[in-house]
Amino acid sequence: MDLNPHLPPFNAGATVSTLISLGTAFVLGSAIGLERQLRQRTAGLRTNTLVAVGAAVFVDLAVRFHDMYGGPPSPLHVVAYVISGVGFLGAGAIMKDGAQVSGLNTAATLWGSAAVGACAGIKLLPEAVLAALFVLAANTLLRPVVNRIQRQPLQEASGEATYAVTVICQRDRQAEVLDQLLVLLEQAHYPVRAVEPRPFGDRDVEIEAVLYATAVDADELDGVLATLSATPGVLQGFWNATLED
């Protein structure tokens, strides 16, 4: 294809259209990123904004190019390339520590931001707004639902991790400490699946309370242990997660 080597004529209407697309992507990407930033996630305000704006730029460029010269690549092909590129970016946000994987939601949010930007770039502005609203809803409205489900007792041992709270206390205070531990965990909505006391030295005992929950809030369990530490006879308390096959 023989393209004109000179600069294309300035098109004010097309430039304004591009400005609207990028402005929409910037605002909606910022809205998604702000929610992530407030939760102190790896990909926050700037990352999600840049992904949305970058996707909008590439798609808008493809649309403008196709309008001026026709032929490949079509805007749809560029959208596919954007999806592949964001897939690599999202993979960098996923971290694996042994059998535990984190960052999946961050990677999925980046995909959502790219989708918002792609809609804005191809001038589907109402669709871009709807996409942003659904991404925000998935990260906010569904969070309490997920937390509630994960704290329910399991009918069978199908979870990937078992969480346990361990307390070391004086042996003559064992019953009092155990009662207080169960009360505090119940108040925090962490039902106990099993309790196992074990001797710890000559005068102390170690109490391990295994939770039904398959996901925990670290601050909540730390708060339980901090409150329990005020109970007479408590020497030490901690919680940990162990992986199941």
Net charge, Leu19 excluded, C-beta distance under 15 Å - Lys, Arg +1, Asp, Glu -1: +1
Phe26 - accessible surface, heavy atoms, 1.4 Å probe, Å² rounded to 10: 110
Per residue, in Å², the accessible surface of the stretch 172-225 once ligands and nucleic acids are set aside, probe 1.4 Å: 56
What is the gain in length, in nm to one decimal, between Arg148 and Val27 on full extension, counting 0.36 nm per residue of separation less the C-alpha to C-alpha distance? 40.4 nm
By the Cα gyration tensor axes a ≥ b ≥ c (a/c under 1.5 gives rounded; else a/b larger than b/c gives prolate, otherwise oblate), the shape of the stretch 185-245 is oblate
For peptides 227-236, 110-119, sequence by mean Cβ density within 10 Å, most packed first: 110-119, 227-236
Between Asp179 and Leu34, what FRET efficiency follows from the Cβ-Cβ distance if R0 is 45 Å, with the result rounded to 0.05? 0.55
Contour minus end-to-end for Leu61 and Asp219, with contour as 0.36 nm per residue of separation and end-to-end as the Cα-Cα distance? 52.2 nm
Any chance you could look up the accessible area of Asp172 with a 1.4 Å probe, heavy atoms only, rounded to 10 Å²? 130
Largest-first ordering by accessible area, 1.4 Å probe, given options His189, His77: His189, His77
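The values are calculated or read from the model by the stated rules, or taken from the named source; none is laboratory data. From a predicted model like this one, the values you see are computed outputs, not experimental measurements. So basically every Cβ, Gly included, is an ideal-geometry build from the backbone, and we count neighbours across all protein chains shown. Just so you know, the surface numbers come from the protein's heavy atoms only, side chains and all, with ligands and any DNA or RNA stripped out. Shrake-Rupley method; radii C 1.70, N 1.55, O 1.52, S 1.80 Å.
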